[in-house]
Amino acid sequence: MNNNNCVQVKEFLDDDSETFSYVVYDAESKGAVIIDPVLDFDYASGKTYTQSAERIIRFVQEKHLDVAWVLETHAHADHLSAAPFLKEQLKAPIAIGEHITEVQKIFKQVYNLDKEFLPNGEHFDRLLKDGDVFHVGNMTIRVIHTPGHTPADIAYLINESKVFVGDTLFNPDVGTARCDFPGGSASTLYQSIQTLFKLDTTTEMYICHDYPPEGREHQCKTSVGEQKQNNIHVGKNTSEEQFVKWREERDATLNMPRLIIPAIQVNIRAGQLPPAENNDTVYLKVPLNRL
């Protein structure tokens, strides 16, 4: 059996943050990974719940899958990660790109986190380097460092046929990720996109978010060829100078994501909440006039 035909993808859309999470699995061996899972969060009440993650668990159980890893593409700014819940329920370790330590250092200062928080990546079970390769069942997974949106973004290329790009690229009619978060760079993002564009044009590309224009349903999948030809920000051989000028001007007009303040300080801890205080309550900080 062709290994590429064995690889199956099941997407899960979180309507609140318009985030796609994925279960990617080998139908033959039942080995699987989960990519970018969402923890439900009601900002008004400060309540977290696990409905979205439980949908993923039910699918895993129905398909009798053996989840080897929970994989993060980066420390998300628009949702809280459900990685710790899935790790507990499925006994699957959590991995992210090694440059998460840079993001941790930046936001330890932004949030003035306690001295016990060490920006050394210890919150994750594995820190992945550019070019790292690991195997799950018949799946070969290669790590591609794609900084720009944040310093730590990575993509996961599976069996050289499917690439999960996080927030680096959106659908062709939506464009590219913003680069104005601390540590972001439009020039760096452009170079990362060019790295992805070197993949075979038939490579399926799975995105983390979709913000569809009116009249189009949410779509989780495009291709490298479609992006190179039709992406409204970087398609048709757009130059780096053109992209950087447009991206920086556009970013200057954008509001911060609704959940960035709670999300980042949780996600740099691999989705773990901060330690409870002496009244057994967990608190998140709001840095005023900083972001």
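Each value in this text was obtained by applying a stated rule to the coordinates, not by laboratory testing. Keep in mind that this is a model prediction, so the values were computed, not measured. Neighbour counts are summed over all protein chains in view; Cβ atoms, including those assigned to glycine, are modelled from backbone coordinates with ideal geometry.
For the peptides 219-232, 149-162, 111-124, what is the packing order when you average, over each peptide's residues, the other Cβ atoms within 10 Å and list the highest mean first?
Values: 219-232: 17.9, 149-162: 23.4, 111-124: 14.5.
The peptides rank, most packed first, as 149-162, 219-232, 111-124.
Excluding residues on the same chain fewer than 8 positions from Lys108, give the aspartates and glutamates whose Cα lies under 19 Å from its Cα. By straight Cα distance, Lys108 reaches Asp78, Glu98, Glu116, Glu122, Asp153, Asp180, Glu277. Using the beta-carbon distance between Tyr43 and Glu277 and R0 = 22 Å, what value does 1/(1 + (r/R0)^6) give for FRET efficiency, to the nearest 0.05? That gives a FRET efficiency of 0.65.
Go through 212-218, 267-273, 6-12 and give me the packing order, highest mean Cβ count within 10 Å leading.
Numbers: 212-218: 8.9, 267-273: 21.9, 6-12: 17.0.
Packing proxy ranking, top to bottom: 267-273, 6-12, 212-218.
Note on Thr202 and Arg250: the model spin-label points, each 7 Å out from Cα along the C-beta direction, lie 3.0 nm apart.
Using the alpha-carbon centroid of each, what span in Å lies between region 45-118 and region 224-291? So the two Cα centres are separated by 16 Å.
Note on the chain: with charges restricted to the Cβ of Lys and Arg (+1) and Asp and Glu (-1), its dipole about the Cα centre is near 300 debye.
When Lys and Arg each count +1 and Asp and Glu each count -1, what net charge do the other residues less than 14 Å away from Val33, Cβ to Cβ, add up to? Walk me through the intermediate numbers first.
Details: positive: Lys10, Lys30, Lys63, Lys87, Lys91, Arg126, Arg142, Lys162; negative: Glu11, Asp26, Asp36, Asp66, Glu72, Asp125, Asp132.
Local charge sum for Val33: +1.
Around Thr201, under 15 Å between beta carbons, what's the net of Lys plus Arg minus Asp minus Glu among the other residues? That sum, taken over residues with Cβ under 15 Å, equals +1. Between Asp180 and Val286, the distance separating the two model label sites (each 7 Å from Cα on the Cα→Cβ line) works out to 2.1 nm.
Rank the residues Asp14, Asp180 as a footprinting-exposure proxy: fewest other Cβ atoms within 10 Å of their Cβ go first. Spell out each step's value before the answer.
On the way: Asp14 21, Asp180 16.
Result, fewest neighbours first: Asp180, Asp14.
Taking a ≥ b ≥ c as the square roots of the Cα gyration tensor eigenvalues, with a/c under 1.5 meaning rounded and otherwise prolate when a/b beats b/c, else oblate, which class fits region 198-291? Walk me through the numbers on the way to the answer.
Numbers: a/c = 2.69, a/b = 1.92, b/c = 1.40.
Taking the square roots of the gyration eigenvalues as a ≥ b ≥ c, region 198-291 is prolate.
Other residues with beta-carbon under 9 Å from the beta-carbon of Ser161 carry, at +1 per Lys or Arg and -1 per Asp or Glu, a net charge of -2.
Taking a ≥ b ≥ c as the square roots of the Cα gyration tensor eigenvalues, with a/c under 1.5 meaning rounded and otherwise prolate when a/b beats b/c, else oblate, which class fits region 1-147? In terms of gyration-tensor shape, oblate. Shown in residue order for region 139-155 are the 3J(HN,Hα) couplings computed by the Karplus curve 6.51 cos²θ - 1.76 cosθ + 1.60 at θ = phi - 60°: 8, 9, 10, 10, 8, 10, 6, 10, x, x, 5, 9, x, 9, 4, 9, 10 Hz (x for Gly and Pro). Along the axis of the charge dipole computed for the chain (Cβ charges of +1 for Lys and Arg, -1 for Asp and Glu, origin at the Cα centre), the listed residues Val224, Gly121, Ala276 are led at the positive end by Gly121.
By its C-alpha gyration tensor, with a ≥ b ≥ c as the square roots of the eigenvalues, how is region 3-267 shaped: rounded for a/c under 1.5, else prolate for a/b larger than b/c, else oblate? It is rounded, given that a/c, with a ≥ b ≥ c, falls under 1.5.
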